[in-house]
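Remarks on the structure that follows.
Read-outs throughout are calculated quantities, based only on the coordinates presented, and are distinct from any laboratory measurement. Just so we're clear, the structure is a prediction, and the values are computed from it rather than from any experiment. Reconstructed Cβ throughout: ideal geometry from the backbone, glycine too, with neighbour counts over all protein chains shown.
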Amino acid sequence: MFNDNGMPHDAASQMLTSFVRCLFTLALLVACHASAAADAAGEISVEIRKSAGAVIIDASMQVKADPQNAWKVLIDYDHMAQFLPNLESSKIIEKTGNSMRVAQKGSISYGPFSMPFESVREIELSPFQQIRSSAAGGSVTSGEATTRLMPEGADTWILYHSELVFSVWVPPGIGPHAIEKQIRAQFESLKREIMKRKINDINRR
């Protein structure tokens, strides 16, 4: 049987399954960093575009917390599965100074599909200022991502940029929209966790 594009249904299903797995890889890369412009209320903004085979993402959000509060959440890889949706396990498997390797497992549903996922990434930390990440395994052929923390008064801007090349086909009709949706959901969870920990710190004083 063939779909509307003349492609065998089994092949189309396999490619869409691979894409969803790839999509979750992207969500994890973003989530473990931390959205162009967000307003003073802290709106999350995400911009997705394609260029020369790569998916380029620029995103930012403003949180009502200082860089130290935000940093604690962004690098809490060993507990990330407790506050990020669809993430089942997350752990630091190697660490030397400000360099580490992080392994994560999870599952995601997209339409009728549900599947497991694994990711391994190399992380370089510049405390309270920047997180650099590179893909070391999973559905991303190559990928670099950078998250910067910029204080503004009592708030912090979290600025994210990445350029990723996937090893699977990305459906043109749903790709950008689906990627944006996943990133936004991850950032919303990060923001909630940052604010929750900030309030907990204040209550303990």
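Some values worked out for this structure:
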item: Protection-proxy order for peptides 54-61, 88-95, each taking the mean of Cβ atoms within 10 Å per residue, highest first; result: 54-61, 88-95
item: Within straight-line cross-link reach of residue 91, lysines at Cα separation under 27 Å, skipping those fewer than 8 residues along the same chain; result: 72, 105, 181, 191, 196, 198
item: Inter-probe distance in nm under a simple model that places probes 7 Å from Cα toward Cβ, at residue 142 and residue 56; result: 1.6 nm
item: Gain on full stretching of the segment that runs from residue 132 to residue 43 - 0.36 nm per residue minus C-alpha separation; result: 29.7 nm
item: Relative contact order of region 118-161, defined on C-alpha pairs under 8 angstrom at six or more residues apart (%); result: 28 percent
item: Residue order, fewest to most beta carbons within 10 Å, for 49, 197, 121; result: 49, 197, 121
item: Exposure proxy order (Cβ contacts within 10 Å, fewest to most) of 75, 202, 183; result: 202, 75, 183
